1. I'm checking my understanding of the structure. Among residues of segment A:52-86 that are aliphatic (A, V, I, L, M) and within 21 Å of B:Thr102 (Cα to Cα), which one is surrounded by the fewest Cβ atoms within 10 Å (Cβ to Cβ)?
2. Does A:Thr57 qualify as being closer than 16 Å to B:Phe78 by Cβ and either β-branched (Val, Ile, Thr) or assigned to a loop (DSSP other than H, G, I, E, B) (or both)?
3. Working only within segment A:8-35, note down all residues that are open to solvent by 20 Å² or more (accessible area, probe 1.4 Å), in contact with a helix residue (DSSP H, G or I) (Cβ under 9 Å, 6 or more places away or on another chain), within 14 Å of chain B (Cβ to nearest Cβ) and within 29 Å of A:His123 (Cβ to Cβ).
4. What are the residues in segment A:111-148 that are within 7 Å of another protein chain (Cβ to nearest Cβ) and in contact with a Pro (Cβ under 6 Å, 6 or more places away or on another chain), if any?
5. When only residues in segment B:36-51 that are open to solvent by 10 Å² or more (accessible area, probe 1.4 Å), part of a loop (DSSP other than H, G, I, E, B) and touching a residue at least 60 places away in the same chain (Cβ under 8 Å) count, which is nearest to the other protein chains (Cβ to nearest Cβ)?
6. Hey, any hits in segment A:137-154 for a residue that's within 30 Å of B:Ser13 (Cβ to Cβ) and surrounded by 15 or more Cβ atoms within 10 Å (Cβ to Cβ)?
7. Would you be able to tell me the number of residues in segment B:122-136 that are open to solvent by less than 40 Å² (accessible area, probe 1.4 Å) and closer than 20 Å to B:Glu47 by Cα?
8. Would you check which residues across segment B:149-186 are within 14 Å of another protein chain (Cβ to nearest Cβ) and farther than 17 Å from B:Ala68 by Cα and list them?
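The values are calculated or read from the model by the stated rules, or taken from the named source; none is laboratory data. Small disclaimer: the values here were computed from a predicted structure and weren't measured. Note that each Cβ is placed from the backbone with ideal geometry, even for glycine, and that neighbours are counted across all protein chains shown. SASA here: full protein model, heavy atoms, side chains in, ligands and nucleic acids out. Shrake-Rupley method; radii C 1.70, N 1.55, O 1.52, S 1.80 Å.
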2 protein chains.
Amino acid sequence: MTIEYATPYRSRSFIPPQPGKPYFIEKGMGDRAHLFGDLVTVYAGGEQTENTFNFFTVEGPKGDIIPAHVHADTHEVFYITDGAVRLFVEDQEGEQYEKLLTEGDFGFVPKNCAHAYRIERHHSRVVGVAAGPGGTFERFFENLGTPAEELGLPRTPYVPEPEKFGTVPQRFDVRFLPDHQWRTGS
Amino acid sequence: MTIEYATPYRSRSFIPPQPGKPYFIEKGMGDRAHLFGDLVTVYAGGEQTENTFNFFTVEGPKGDIIPAHVHADTHEVFYITDGAVRLFVEDQEGEQYEKLLTEGDFGFVPKNCAHAYRIERHHSRVVGVAAGPGGTFERFFENLGTPAEELGLPRTPYVPEPEKFGTVPQRFDVRFLPDHQWRTGS
């Protein structure tokens, strides 16, 4: 059961390419990608779940706020397993909220709600599920960022080429909101 | 944002009854249920995700193996955040696998694969996502078991009335396999 597979995404992956097959992945050994200073690790994608859900982790150093963005058709879970992450969300009436989430805490961002987050402790880890009736978007990170073989956080941040921002986000139901302001105070 | 709501499931819940609303839930404060010695905590259900996915935790003491069962239409994630859990899975060709999962490890059980698990360290915690094209099944635990107000593991195990086993599982896409044998050795 620790077989490696060639898949459409990786030449070596622990995620079986054919759906319907059980599998186990040890800590950190999912499909890895780097985007800025963060490590994203995919453990299950739409292929495994008939496009109903996915499962990934985001790990990163204490850092700047991620730019505000919105998903038209994707609901998103933030569940913290290590460290602390401040989640910013705006509801569909324009009301803004922020909350510092630590180990065991949970945040839910429905589709069409602008959101952002800031990692507030080094080597925080967030479990994410991001899916909706339109499918799942776990391959966003390696398309805007880059697939990675190495384990652990990026040694140097991966900064996407500027032109990628014009093409990749919309393929994965991500819309950045460059003029968005958080008025919540932190 | 720490408002409590009356929902179809609880008189007091941190999960908003109307979809489309962002929310945060602090550790342990989701909708709780007891089933045997385990505590199940629901943080998001089908109502929040247009029935694409859910998100819950299962915590329990070191104990006996959970009876083998199968879901006809539900894929299931096991992600360990504390302790150790041994996961048993049989694929659709009848091949059986088992794996001891510890913190950060992941297991995926596709629909129609018999499976079971045994908690192998006290106060282990598993993050679960269980969904498929037919919907989500997070309310199984409180229907076969019982909703709980208290925090922490059940002080005394909740043993369902025998007649519940004849009616509840099939409503939530659970089919127990009383004659199933694990030949994997542990």
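1. A:Val58
2. Criteria met by A:Thr57.
3. A:Arg32
4. If the condition is that a residue be within 7 Å of another protein chain (Cβ to nearest Cβ) and in contact with a Pro (Cβ under 6 Å, 6 or more places away or on another chain), then A:Cys113 is the only one that fits.
5. B:Asn51
6. yes
7. So the answer is 8.
8. Result: B:Leu151, B:Gly152.
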